[in-house]
Amino acid sequence: MDWRYPVTKYFYRKFSRPTARILYKLKFEPNQVTLLSFILGILSGVIFYYRMFIPGLIVLFISEILDCADGDLARLKKKVSKKGEYLDSFLDRIVESAIIYGLILTNPSQLMLVGTLALVWSVFVSYARSKAEVIGIKCDIGVGSRDIRVCILMLSVLFTPFYPDSLYYGFSIILALSIITVIQRFVHTYSKIKK
């Protein structure tokens, strides 16, 4: 399995490509879709804060589909750009933070430590990649990509109404996968550096 974007490849794309074709006909621009995805992602974090887990999950799912559709739309319109890629990646970090903290605040006494650590190490995952790419080394390897982390969050939220500890275990899994991925990316990058 390709661990870079497995959820996107095998699930989200089934929705994002038809969505992109509709958005193309409606004359949307890729960056408009990126911003809409961002707004909905932030909104999902707010909804989670109020413990409305299923509505928040629906909004987050739509945000994730649009997060894929912006790239699909850019390819349809032949407007793939570094600016669009940077905007998408930058806003993804903010959305992930909003989602995690919205969920942490549903039960801070249980989730504050593990959720904050999960977020910090998730940022390290992105940092390890960006620093590698600054020195010209491709580094999108690892088992804890954003794709996987958000999927785990969504599954944890789905089970929360029935099993309240699911968020704690979800954050714990994200933390573990993020640490493993940071190590994988560090070793990969360090081994590729010539001097």
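Assign one of three labels to the chain, namely rounded, prolate or oblate, based on the Cα gyration tensor with a ≥ b ≥ c the square roots of its eigenvalues; rounded applies when a/c is under 1.5, prolate when it is not and a/b is larger than b/c, and oblate otherwise. Mind showing how you got there, number by number?
On the way: a/c = 1.96, a/b = 1.05, b/c = 1.87.
Taking the square roots of the gyration eigenvalues as a ≥ b ≥ c, the chain is oblate.
Exposure proxy shown here: for Asp70, Asp88, the number of other Cβ atoms within 10 Å sets the order, fewest to most, as Asp88, Asp70.
Please arrange Ile54, Ile180 by how many other C-beta atoms lie within 10 Å of their C-beta, fewest to most.
Values: Ile54 12, Ile180 15.
Neighbour counts put them in this order, fewest first: Ile54, Ile180.
Largest GNM mean-square fluctuation across Phe171, Phe11, Phe38, computed for the chain with C-alpha springs under 10 Å, falls on Phe11.
Taking a straight line from the alpha carbon of Lys25, these aspartates and glutamates sit under 17 Å away, with near neighbours fewer than eight places off in the same chain left out: Asp70, Asp72.
Calculated FRET efficiency, Lys138 to Leu113, Cβ-Cβ distance, R0 = 25 Å: about 0.15 to the nearest 0.05.
Mean Kyte-Doolittle of at least -0.5 plus a Cα span of 24 Å or more along the axis: flag which DSSP H helices in the chain meet both, please.
Numbers: long enough: 30-49 (29 Å, 1.48); 53-76 (34 Å, 1.30); 82-104 (33 Å, 0.30); 108-134 (39 Å, 0.84); 166-192 (39 Å, 0.95).
Those that clear 24 Å and a mean of -0.5 are 30-49, 53-76, 82-104, 108-134, 166-192.
Close amide H pairs (under 5 Å, H built 1.01 Å from N) link Lys79 with no residue at least 5 positions away or on another chain. The mean sequence distance of close C-alpha pairs (under 8 Å, at least 6 residues apart), as a share of the length of region 38-195, puts its relative contact order at 26 percent. For Lys192, a cut-off of 29 angstrom between C-alpha atoms picks up these lysines, skipping any fewer than 8 places away in its own chain: Lys9, Lys82, Lys83, Lys131, Lys138.
Net length available on complete extension from Ile58 to Val80 is 5.1 nm, with 0.36 nm assigned per residue and the Cα-Cα distance removed.
When a/c reaches 1.5 or more, the comparison of a/b and b/c decides; with that in mind, is region 47-136 rounded, prolate or oblate per its Cα gyration tensor? Write down the numbers at each step before the final one.
On the way: a/c = 4.23, a/b = 1.40, b/c = 3.03.
Oblate is the answer for region 47-136, as a/c is 1.5 or above yet b/c matches or exceeds a/b.
Read the figures in this text as sums done on the coordinates, not as results from a lab. Remember, predicted model here, so these are calculated numbers, not experimental data. A quick note on method: Cβ atoms are made from the backbone with ideal geometry, for glycine too, and the neighbour counts reach across all protein chains shown.
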